[in-house]
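My questions will all concern the structure given below.
The values are calculated or read from the model by the stated rules, or taken from the named source; none is laboratory data. All figures in this text were calculated on a predicted structure; none of them were measured in a lab. So basically every Cβ, Gly included, is an ideal-geometry build from the backbone, and we count neighbours across all protein chains shown.
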Amino acid sequence: MKMRSTKLLLFVTLLAIGFSACRKKDAVDPDVLVNFETNAQGFTASEDSIYIKVKLTSAATAGIPVEITLTEQGVAYGSEYITEPAAVAGKINLTIPTGNNEASIKIKKTKNAYIGDEKIVFDIYSSGIPVIIGTTKQLALTFGQLLATTIPNTTLQGGGATYGNKVFFDLSGNRQTPVERTTWDLGFYMGSDDFRVILNSSVNMMVKQINKTDLNTVTAADTVGLTNEVSYNQAMPSSTQLAYIDYPDGDLTKTAIAAIAANAADNKVYIVNRGNGIGTPAPARGWKKIKVIRNASGGYTLQHADIASNSFTSVDIAKDAAYNFKYASFETGAISIEPKKTQWDFAWTYFANVTNFGAGEVPYLFQDVIILNRGVGAVKVMNTTKAYDAYTLAEATAATYSTAQNAIGSDWRIGGGPGVSPAVRTDRYYVIKDTDGNYYKVKFTALTDGGERGKPAFLADKL
């Protein structure tokens, strides 16, 4: 009897251990996958270098080695191109650092590079444990303009709930370029027809002109009362503050900083509220005094200093017709931010917009705003007018487009509020006409990723 009881106890114990093991096995974390960001990219004649990204589905808890093989079609390593990290015997060894979910390979043309239908095919050959190779394990890089015809559901790398990035997207190249939105302060127009300066509207900057032309004579006394006047107030916005922001439609005649005069003495000093940085709460970025003049080389010279300083720093920004704007940071000087003007169509960003609560327009900060590149047009189509799949090129060419920077703006989503959850508007889509005359229909599919804002998604099809 005692022996039977012992055997029964042993059986029950083993059964319990077995069930426990099954439960632990069933509760394993989801697989972490490694993929290329996309399966195809173009490398145009105007580009000297390009990056391709390898991404994990979640951040690495330790450095993850990834081995990538190269297959060349009409090009040779060292003759037409090189890579960073360098390729050895047709393989690139890349490491995704601890705490990160991506790493990049830079491909650089050599002086002998030529453009045609040449390709490099990259394959993810192996990855470190416990990462598994995903389905987007091959990327074809074409030496030439890659005209994307279908853009599958794509999540923009906006940086999450703090909206840390401004993300530029090129529809014809199926390429996104995320840039941390605090890395610049002012943008300088590159067109030959005018000298204009724009504010970094993604950090809620404001500026006010004062009646002085010498930066060194400006003191704290010139800023008395400006703390509240030259600042966004979401609770009580004022129409008088419209003069301190760039009007959000992108019209360069409506910038807060006046056109830069040819005579340096005619350009006034501005007091700058640099707005807020990234975070919760978002830190204040402080105040500056600035003056912008034209320089002898045909570009701009930015003079800037802290309010109480009796000296200033100068930054030269040369004009470059390949871009719409070049940028400057008060910390780092001249800096490239947006892609060349032919290499992006729209951007997703935190944005200084306007709204009307019934008494006229007032400055107001918006999240999840879509802005257009200069010269790009957009038109909204309601599903009740024409279903997305049924919309044709003939209809696109006959449509009337708005080229206002905020033509799409926040119209694509419901922002939320009392009793309303943020969401994509599913009753509409947009047709975008790029500067090369290509037409794309674009449908936004998500405002969040796993419930987190700052990671919107869309799909598109070329007409």
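Among the numbered conditions (1) farther than 14 Å from Asp214 by Cα; (2) surrounded by fewer than 18 Cβ atoms within 10 Å (Cβ to Cβ); (3) touching a strand residue (DSSP E or B) at 6+ places or on another chain (Cβ under 7 Å), tell me where Thr227 comes up short.
(3)
Still on this model: Identify the residue in region 86-136 that is hydroxyl-bearing (Ser, Thr, Tyr), under 27 Å from the mean Cα position of the chain (by Cα) and more than 19 Å from Gln41 (Cα to Cα) and, among all such residues, is surrounded by the most Cβ atoms within 10 Å (Cβ to Cβ).
So the first thing to find is which residues in region 86-136 are hydroxyl-bearing (Ser, Thr, Tyr), and the list is 95, 98, 104, 110, 114, 125-127, 135-136.
Going one step further and asking which of them are under 27 Å from the mean Cα position of the chain (by Cα), we end up with 95, 98, 104, 135-136.
After this cut, where a residue has to be more than 19 Å from Gln41 (Cα to Cα) as well, the list is 95, 98.
Values: Thr95: 14, Thr98: 11.
Going through the qualifying residues, I end up with Thr95.
Which of the residues belonging to region 123-137 are in a loop (DSSP other than H, G, I, E, B) and either out of contact with any strand residue (DSSP E or B) (no Cβ under 6 Å at 6 or more places or on another chain) or over 7 Å from Val34 (Cβ atoms) (or both)? Can you show your working first?
First, the residues of region 123-137 that are in a loop (DSSP other than H, G, I, E, B): 128-131, 134-137.
Of everything in region 123-137, those that are in a loop (DSSP other than H, G, I, E, B) and either out of contact with any strand residue (DSSP E or B) (no Cβ under 6 Å at 6 or more places or on another chain) or over 7 Å from Val34 (Cβ atoms) (or both) turn out to be Gly128, Ile129, Pro130, Thr135, Thr136, Lys137.
Check every one of the strands (runs of 3 or more DSSP E) wholly within region 287-389 and list those with 2 or more residues that are of a type in the set (Gly, Ala, Ser). If you could, list the steps in order and put the result at the bottom.
Details: elements: 287-294, 300-305, 313-317, 325-329, 333-335, 346-356, 361-372, 377-382.
The strands (runs of 3 or more DSSP E) meeting that bar are 325-329, 333-335, 346-356, 377-382.
Taking region 300-338 as the search range and keeping residues that are more than 29 Å from Thr223 (Cβ to Cβ) and touching a residue at least 40 places away in the same chain (Cβ under 8 Å), which one is surrounded by the fewest Cβ atoms within 10 Å (Cβ to Cβ)? Spell out the reasoning first.
Here is the first cut: in region 300-338, the residues more than 29 Å from Thr223 (Cβ to Cβ) are 318-324, 336, 338.
Now restrict to residues that are touching a residue at least 40 places away in the same chain (Cβ under 8 Å): 319-324, 338.
On the way: Lys319: 16, Asp320: 15, Ala321: 10, Ala322: 12, Tyr323: 21, Asn324: 21, Glu338: 20.
Out of the qualifying residues, it is Ala321.
Let me ask something else about it. Restricting to region 203-224, give me the number of residues that are under 34 Å from the mean Cα position of the chain (by Cα) and assigned to a loop (DSSP other than H, G, I, E, B).
Of the residues in region 203-224, the ones under 34 Å from the mean Cα position of the chain (by Cα) are 203-210, 215, 223.
Next, only the ones that are assigned to a loop (DSSP other than H, G, I, E, B) stay: 204-205.
Total satisfying the criteria: 2.
Take the residues in region 380-411 that are surrounded by fewer than 18 Cβ atoms within 10 Å (Cβ to Cβ), hydrophobic (A, V, I, L, M, F, W, C) and in contact with a strand residue (DSSP E or B) (Cβ under 7 Å, 6 or more places away or on another chain); name whichever of them is nearest to Arg181 (Cα to Cα).
Out of the qualifying residues, it is Met382.
Can we say Ser421 is closer than 19 Å to Tyr163 by Cβ, more than 20 Å from the chain's Cα centre (by Cα) and not hydrophobic (A, V, I, L, M, F, W, C)? Reasoning before the result, please.
Working: closer than 19 Å to Tyr163 by Cβ: yes; more than 20 Å from the chain's Cα centre (by Cα): yes; not hydrophobic (A, V, I, L, M, F, W, C): yes.
Here the answer is yes, as Ser421 does meet what is asked.
Here's another thing I want to ask about it. For region 266-282, check the following and say yes or no: at least one residue is modelled with pLDDT of 95 or more, exposed (fewer than 14 other Cβ atoms within 10 Å of the Cβ), of a type outside the set (Phe, Trp, Tyr) and more than 27 Å from Asn373 (Cα to Cα).
The answer is yes; a qualifying residue exists.
What number of residues within region 283-299 are exposed (fewer than 13 other Cβ atoms within 10 Å of the Cβ) and touching a residue at least 40 places away in the same chain (Cβ under 8 Å)?
Just the residues of region 283-299 that are exposed (fewer than 13 other Cβ atoms within 10 Å of the Cβ), to begin with: 283-284, 296-298.
Next, from what is left, pick out any that are touching a residue at least 40 places away in the same chain (Cβ under 8 Å): none.
Residues flagged as exposed (fewer than 13 other Cβ atoms within 10 Å of the Cβ) and touching a residue at least 40 places away in the same chain (Cβ under 8 Å) within region 283-299 amount to 0.
So which residues in region 441-458 are more than 23 Å from Gly279 (Cα to Cα) and buried (at least 21 other Cβ atoms within 10 Å of the Cβ), if there are any at all?
Within region 441-458, Lys441, Val442, Phe444, Phe458 meet the criteria.
Right, next: Test of understanding: among Tyr77, Tyr81, which residue is free of Cβ contacts under 8 Å to residues at least 40 places away in the same chain, hydroxyl-bearing (Ser, Thr, Tyr), buried (at least 19 other Cβ atoms within 10 Å of the Cβ) and farther than 25 Å from Val179 by Cα? Give the steps one after another, and end with the answer.
On the way: Tyr77 fails: buried (at least 19 other Cβ atoms within 10 Å of the Cβ).
That would be Tyr81, the only listed residue that is free of Cβ contacts under 8 Å to residues at least 40 places away in the same chain, hydroxyl-bearing (Ser, Thr, Tyr), buried (at least 19 other Cβ atoms within 10 Å of the Cβ) and farther than 25 Å from Val179 by Cα.
Could you please find all residues in region 140-151 being surrounded by 14 or more Cβ atoms within 10 Å (Cβ to Cβ) and assigned to a strand (DSSP E or B)?
Ala140, Leu141, Thr142, Ile151
What about Ala378, is it farther than 30 Å from His304 by Cα and of a type in the set (A, V, I, L, M, F, W, C)? Lay out the reasoning, then the answer.
Numbers: farther than 30 Å from His304 by Cα: yes; of a type in the set (A, V, I, L, M, F, W, C): yes.
The answer is yes for Ala378.
Which residue out of Thr61, Thr44 is part of a loop (DSSP other than H, G, I, E, B) and surrounded by 17 or more Cβ atoms within 10 Å (Cβ to Cβ)? Steps first, please.
Details: Thr61 fails: surrounded by 17 or more Cβ atoms within 10 Å (Cβ to Cβ).
Going through Thr61, Thr44 in turn, the sole match is Thr44.
Report yes if some residue within region 318-326 is assigned by TED's automatic domain parsing to the domain that holds Thr223, in contact with a Lys or Arg (Cβ under 7 Å, 6 or more places away or on another chain), closer than 22 Å to Gly191 by Cβ and small (Gly, Ala, Ser); otherwise report no.
yes
Let me ask something else about it. Go over the candidates Gln157, Gln234, Gln176 one by one and state the one that is of a type outside the set (A, V, I, L, M, F, W, C), touching a strand residue (DSSP E or B) at 6+ places or on another chain (Cβ under 7 Å) and exposed (fewer than 14 other Cβ atoms within 10 Å of the Cβ).
Numbers: Gln157 fails: exposed (fewer than 14 other Cβ atoms within 10 Å of the Cβ); Gln176 fails: exposed (fewer than 14 other Cβ atoms within 10 Å of the Cβ).
Answer to the check: Gln234.
Only one of (1) in contact with an Asp or Glu (Cβ under 8 Å, 6 or more places away or on another chain); (2) closer than 19 Å to Leu459 by Cα fails for Ala148. Which number is that?
That leaves (1) as the condition not met.
Name the residue that is surrounded by the fewest Cβ atoms within 10 Å (Cβ to Cβ), counting only residues in region 190-202 that are part of a strand (DSSP E or B) and in contact with a strand residue (DSSP E or B) (Cβ under 6 Å, 6 or more places away or on another chain). Before you say what the answer is, go through the steps one by one.
Taking region 190-202 and keeping what is part of a strand (DSSP E or B), we get 197-199.
Next, from what is left, pick out any that are in contact with a strand residue (DSSP E or B) (Cβ under 6 Å, 6 or more places away or on another chain): 197-198.
Numbers: Val197: 25, Ile198: 19.
Across region 190-202, the extreme among qualifying residues is Ile198.
Can you find a residue that is out of contact with any Phe, Trp or Tyr (no Cβ under 7 Å at 6 or more places or on another chain), of a type in the set (Ser, Thr, Tyr) and not in a strand (DSSP E or B) anywhere in region 426-447?
yes
Which one of Thr253, Thr227, Thr240 is within 19 Å of Tyr189 (Cβ to Cβ) and part of a helix (DSSP H, G or I)? First the steps, then the outcome.
Values: Thr227 fails: within 19 Å of Tyr189 (Cβ to Cβ); Thr240 fails: within 19 Å of Tyr189 (Cβ to Cβ).
The match here is Thr253.
Find the residue count for region 250-271, including only residues that are touching a strand residue (DSSP E or B) at 6+ places or on another chain (Cβ under 9 Å) and under 20 Å from Val354 (Cβ atoms).
6
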